[in-house]
Every structure is written in C-alpha cells, then in structure tokens.
C-alpha cells in the first residue's frame with residue numbers, strides 16, 4: 001500500500017512545484033522564501049522518483065583472478081540484474097539495457113536475476129523480448145522475486161523468455177565454454193531464498209580452467225562448500241542500497257551480509273574468494289533510486305596464465 005501511495009501520490013509534486021513557482025514569482029518576500037525552500041527540499045525526492053531511475057550508466061572495472069596479472073589474457077563481459085520490470089512503469093526498459101551492452105562490444109553477458117517486480121505474467125514475453133537482440137551469449141539465473149519470494153512464482157514464463165533469447169540458464173550446473181577465445185567454466189546456482197541450491201556439480205569440474213559462478217544473492221558465498229574453488233562470483237540483489245544519502249542514510253534496501261556493491265574480497269576457510277555485486281537497473285520497495293542510478297557493469301576479467 002505504501003509503495004503504491006508513493007508511486008501514484010508522487011505525481012502531486014508537479015502541482016506543488018507549480019504553486020511554489022507561482023509563490024516565488026508573485027509572493028511577498030516571506031512567501032518567496034518559503035516557496036523557494038519548499039521547492040528545493042521537495043525536488044530531491046522528485047529527482048529520485050522521476051529522473052534518476054531513467055538514467056543508465058556504464059561502470060567499467062578490471063578484475064584480476066587469482067594467479068593473473070595486468071598482462072594476462074582477458075575476457076570482457078557485461079553484468080546486469082535486478083531489472084524489476086512490473087508495477088513500476090518507469091523502471092529501466094530492457095531495450096535500453098540491451099542497446100547499451102551491444103554498444104560495448106562484450107564477449108558475453110551475465111544476467112543476475114530478479115527480472116520482475118509483481119508484473120502480469122502475460123506481459124513477461126513482451127517485457128523481455130529485447131534479450132534476443134543481445135549480440136553476445138547470455139548466461140542467466142532467476143532471483144527471489146522471480147521464483148515467488150515474495151510474490152508469485154514466475155519461473156515458467158521467464159524461462160520461456162530465456163529460451164526464446166537462446167540464453168543458457170545456470171541453475172546448479174556448469175558448462176565449459178569459450179568466451180573471447182578463452183576456455184572458461186561458467187557455473188551457476190539457483191536463488192538462495194528458494195533453498196534449492198545444490199553444488200554437487202562442482203565435484204566433476206575439470207582442473208586448470210577459470211571458474212565463474214553466477215547467482216542472484218551474493219550471500220550465497222557464505223554457503224558455498226569449501227571444496228568448490230570458483231575464481232569469481234557474479235551476483236546482484238542488493239541494488240547497492242538503491243537509495244543512499246551520504247552521512248545520513250546509507251541505504252533503503254538492507255544489505256544483510258558482508259556484500260554491498262562492486263568487488264569484495266571475501267575470506268573463508270578455503271581462502272580468499274572474489275565476489276562482484278552489480279547494483280542493478282530497477283527498483284523494489286519504493287519507486288526511487290538516489291545516488292545509485294541504474295547501471296550496467298562492463299568487466300574486463302584477467303585470467304590466470
């Protein structure tokens with residue numbers, strides 16, 4: 001209820017802004033000052049509601065896998081997630097994301113789940129039809145909102161969309177592939193909250209090849225068996241907090257584990273693990289983003305010699 005109140009009630013800001021402008025233009029000095037203050041203060045949440053969610057940034061970063069150097073062979077990938085297409089009509093359209101990724105000329109694309117946010121199931125094929133226009137291979141997993149935690153289980157509709165886009169779904173499995181001319185093992189885990197993760201596939205992985213693990217929730221790193229020695233985990237889920245006010249309010253979305261955004265070096269009994277968290281392109285909870293705009297990560301991953 002609060003979410004919908006903010007979503008639709010926020011349009012009243014335009015009427016408020018018009019009244020403030022009128023007061024600034026025609027009012028007495030005290031009225032001018034009050035109107036200017038009201039307009040300034042109200043413009044911050046208005047920006048978070050109407051402007052920042054429609055911005056799309058690209059973040060480039062280089063990651064050295066264990067044993068790699070700045071001159072090691074590399075692959076270039078795009079990572080995005082948490083599109084949350086559904087009740088928030090101003091969420092970043094998939095078409096814009098796909099165009100941005102294609103323009104970057106990457107070797108592969110990784111989608112870290114939570115595609116939806118309470119959509120009508122019949123709209124899903126159209127909402128995500130643009131995925132088939134990706135010019136690089138797509139590897140994907142579902143997130144908690146996609147599998148019904150919370151909401152409806154939309155797995156079937158989304159998996160059909162992945163099939164139409166020729167995506168490789170990485171739920172509790174691994175595949176040996178060539179990305180950018182380099183031999184890679186891409187593995188994946190289903191959503192943590194669904195409680196169906198199964199890492200037994202890792203026992204059969206051949207040695208000597210870099211292993212990338214794709215999942216939705218980065219807290220998966222806390223439950224991966226010690227004998228599964230992946231090189232890099234790619235995840236989403238946190239939105240980078242979604243709404244951040246420096247020095248006042250760190251984030252709207254709680255980050256319960258040790259992972260927030262971007263690259264983390266996570267110490268565990270098996271040694272240091274690398275976990276990269278994309279901040280997402282959509283919204284959950286409130287229809288706002290502030291100081292954390294929608295983003296696609298372009299990662300250059302240096303591989304062991």
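The values are calculated or read from the model by the stated rules, or taken from the named source; none is laboratory data. Here the structure is a predicted model, which is why all the values come from computation and not from measurement. Reconstructed Cβ throughout: ideal geometry from the backbone, glycine too, with neighbour counts over all protein chains shown.
Are any residues in region 109-126 over 13 Å from residue 159 (Cα atoms) and touching a helix residue (DSSP H, G or I) at 6+ places or on another chain (Cβ under 7 Å), and if so, which ones?
Passing the criteria: 109, 119.
Give the residue, chosen from 28, 32, that is surrounded by 15 or more Cβ atoms within 10 Å (Cβ to Cβ) and modelled with pLDDT under 95.
None of the other options fit; the residue is 32.
Being surrounded by 15 or more Cβ atoms within 10 Å (Cβ to Cβ), at pLDDT 95 or above, farther than 24 Å from residue 4 by Cα and touching a strand residue (DSSP E or B) at 6+ places or on another chain (Cβ under 7 Å) narrows it down to one of 96, 76, so name that one.
None of the other options fit; the residue is 76.
When you go through (1) in a strand (DSSP E or B); (2) closer than 25 Å to residue 183 by Cβ one by one for residue 221, which number turns out not to apply?
Of (1) in a strand (DSSP E or B); (2) closer than 25 Å to residue 183 by Cβ, only one is false for residue 221: (1).
Restricting attention to region 48-58, does a residue exist that is at pLDDT below 95 and in a helix (DSSP H, G or I)?
No, that holds for no residue.
Is there a residue being buried (at least 21 other Cβ atoms within 10 Å of the Cβ), within 30 Å of residue 290 (Cβ to Cβ) and touching a helix residue (DSSP H, G or I) at 6+ places or on another chain (Cβ under 9 Å) anywhere in region 50-59?
No - not one qualifying residue is present in region 50-59.
Quick one: would you say residue 207 is over 19 Å from residue 87 (Cα atoms), surrounded by fewer than 19 Cβ atoms within 10 Å (Cβ to Cβ) and out of contact with any strand residue (DSSP E or B) (no Cβ under 7 Å at 6 or more places or on another chain)?
yes
What do you reckon, is residue 150 loosely packed, with under 15 Cβ neighbours inside 10 Å and assigned by TED's automatic domain parsing to the domain that holds residue 232?
The answer is yes for residue 150.
Within the group 138, 142, which residue is crowded, with 22+ Cβ neighbours inside 10 Å, in the same structural domain as residue 167 (by TED's automatic domain parsing), on the phi < 0 side of the Ramachandran plot and touching a strand residue (DSSP E or B) at 6+ places or on another chain (Cβ under 9 Å)?
Exactly one of 138, 142 is crowded, with 22+ Cβ neighbours inside 10 Å, in the same structural domain as residue 167 (by TED's automatic domain parsing), on the phi < 0 side of the Ramachandran plot and touching a strand residue (DSSP E or B) at 6+ places or on another chain (Cβ under 9 Å), namely 142.
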